[in-house]
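Scroll down for the structure; my scribbles are underneath it.
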Amino acid sequence: MEKLTTKLKNKKDDFFLPSDIEALLVHLEESGEIIKLEFKETCTKFYDLYINYITDWTASNQHIPELNSLTWVCLSNKDEINWSNIKPSISFLKLNFNITLNEEELYEQFKMFEQFLRNKTDEWQCKTSEEKWLSIFKSFKENNIDYSMLLKIVEFAFALPGSNAAVERIFSLMNSCWTKSRGNLCINTVEATLVIKTNLENKPCQQFYEDISKNKDLLIRVHKTAKYSTTNQKSETEASGSQT
């Protein structure tokens, strides 16, 4: 969010426009359809509105200052990776999320991690944060170096959503599978469908088919009517009636 705000401020200050838009702007001004000064004022108001919205949104999130203690996990700046910057993230996880961390073990693992980083070239820096951590943990594992405490912090940081895009996507998937014609589906069935759609989307169809065909218990459940809420209610009523 900080990077986005900086980009917007720079574009506003320099009144940045792509060359094709600049040419179009000149043409429209010459034809008398617009006045460049008014156009610039409108653009400035738009940038101000955008920047103020982002500023207000970030200011309303009370955890942002604390979450900043985890920025070192991105591994984008070697200068940020030191023990003094790690300590605030330890306090944040312990106090707010009751995550147990053995600080002595974490310190030893962190020093090994620092040593690992010192040996890396500039080419390694071009990798994504995920790729960097995968290579780090792979190296630790191959050399029988414990990284359990370090892993807890990294897992927490990567579990944080960068935006609500994932949530919105779930709502879209839910609307596509829980339609009016399928309104009697149980919530548990809808939830299971969404779990499959979001977590197994990268599995090849053939592999997915083979996995399902071998799961006899799942196949039996698929053919049962327990997934329909009205059927469940009817079955329970009939069962209670027969008992009476």
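Here, each number is a calculation from the coordinates, and none is a lab measurement. None of these values were measured; they are calculated from a predicted model. Every residue, glycine as well, gets a Cβ built from its backbone with ideal geometry; the counts of neighbours run over all protein chains shown.
Label positions at residue 188 and residue 130, each projected 7 Å from the Cα along the C-beta direction, are separated by 3.2 nm. For the chain, the membrane-span-like helices by this rule, meaning whole DSSP H stretches whose C-alpha atoms cover at least 24 Å of axis and whose Kyte-Doolittle mean is -0.5 or above, are 36-59; this says nothing about an actual membrane. Per-residue ellipticity at 222 nm computed for the chain from its helices equals -22000 deg cm²/dmol, with DSSP H segments shorter than 4 residues left out and the rest contributing -39,500 (n - 2.57). In a Gaussian network model over the chain where Cα atoms closer than 10 Å are linked, find which of 33, 142, 105 has the largest mean-square fluctuation. Of 33, 142, 105, the Gaussian network model singles out 33 as fluctuating most.
Here the scattering of the chain is modelled by Debye summation over its C-alpha atoms, one equal scatterer each and no solvent; at q = 0.07, 0.08, 0.18 Å⁻¹ the log10 of I(q)/I(0) is -0.51, -0.64, -1.30. Across the chain, Cα pairs under 8 Å and at least six residues apart give a relative contact order of 12 percent.
Lys-Lys pairs in segment 4-133 that are eight or more residues apart or on separate chains and whose Cα atoms lie under 21 Å of each other come to 22.
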